[in-house]
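Taking it in order: structure first as structure tokens, then the write-up.
The values are calculated or read from the model by the stated rules, or taken from the named source; none is laboratory data. Keep in mind the model is a prediction, meaning the values are calculated, not measured. Cβ coordinates were reconstructed from backbone atoms using ideal geometry, including for glycine residues, and neighbour counts include every protein chain displayed. Remember, those area values only see protein heavy atoms, side chains included, never the ligands or the DNA or RNA. Shrake-Rupley method; radii C 1.70, N 1.55, O 1.52, S 1.80 Å.
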Amino acid sequence: MNNIVLIGFMGCGKTSVGVRLSYCLKKTMVDTDKEIERQRKLTIAGIFDQYGEQAFREMETECLKRLLLKKQDGIISVGGGLPVKHENRQLLKKLGTVFYLRVSAPTVCKRLADDNTRPLLQGEEPEKKVYELLKKRAPVYEAAADVIIDVDNKSLDEIVDEIIINLEGKHKNEAACD
Ligand code: S3P
């Protein structure tokens, strides 16, 4: 399939970039967290509370499988922990071109300083959690990615332009092969 798939750590801007891309390219956008919240009629924090993280991870995989069945080509942004599971990385590849929005730990800490919606960053020493989790996940994101976009110190428009230019290049290459 030909979706534009956005992955990356919490606070990297997947949702904002996805919304903007969807506007610019006139394509539908799905955010897996929003999809799961809508289905369960609970917030992500509520789902973690009520069902636990493991169950949430299964919901993420189910959500990807449903998207594959939909056969729709649009923008898909996924929760920061979704690519950690190998099965999910394979599903993402099937869904389309995977863009990893790479953000640094200090930027995440700055952006999420007052956030209380991400269960994995609550409690003691949230900054330490960001550094440790990002270090552990960075290789996973890189393995899942077709394209890496560094997002620190870039505006939303700059990031979206970079993605679009990359896609245009890809289409040109495809055309050249015809
Ligand atoms: C998570 C990231 C969140 C959400 C949940 C778990 C993670 O999504 O899925 O809180 O494990 O990194 P965002 O990356 O959109 O914040």
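Cβ-Cβ distances below 6 Å connect the following pairs, each with a first residue in the range 60-88 that is farther than 18 Å from S22 by Cβ, a second residue that is in a loop (DSSP other than H, G, I, E, B), and a separation of six or more residues or different chains: G80/F9; G80/M10. Scanning the range 123-142 for residues that are under 19 Å from S77 (Cβ atoms) and open to solvent by 70 Å² or more (accessible area, probe 1.4 Å) returns a single hit, E142. S104 meets the stated requirement of being open to solvent by 20 Å² or more (accessible area, probe 1.4 Å), in contact (Cβ under 8 Å) with a residue 40 or more places away in the chain and under 12 Å from G8 (Cβ atoms). Against the list (1) farther than 26 Å from T107 by Cα; (2) surrounded by 14 or more Cβ atoms within 10 Å (Cβ to Cβ), the condition A55 fails is (2). With respect to the conditions (1) under 20 Å from A144 (Cα atoms); (2) touching a helix residue (DSSP H, G or I) at 6+ places or on another chain (Cβ under 7 Å), C12 falls short on a single one, namely (2). For the range 72-101: of the residues being open to solvent by 20 Å² or more (accessible area, probe 1.4 Å) and within 23 Å of E53 (Cβ to Cβ), which is nearest to the ligand (Cβ to nearest atom)? Only one residue tops the list, namely V84. Per the listing A143, A138, the residue uniquely of a type outside the set (S, T, N, Q), away from the ligand (no atom under 14 Å from the Cβ) and within 16 Å of the chain's Cα centre (by Cα) is A143.
Filtering the range 37-46 to residues that are more than 9 Å from the ligand (Cβ to nearest atom) and of a type in the set (A, V, I, L, M, F, W, C) leaves only L42.
Of everything in the range 23-36 that's more than 10 Å from the ligand (Cβ to nearest atom) and assigned to a helix (DSSP H, G or I), which residue is nearest to L82 (Cα to Cα)? So the residue we want is E35.
Within the range 114-143, residues that are touching a residue at least 40 places away in the same chain (Cβ under 8 Å) have Cβ atoms under 8 Å from residues that are of a type in the set (V, I, T) and away from the ligand (no atom under 11 Å from the Cβ) in these pairs: E142/I148, counting only partners at least 6 apart in sequence or on another chain.
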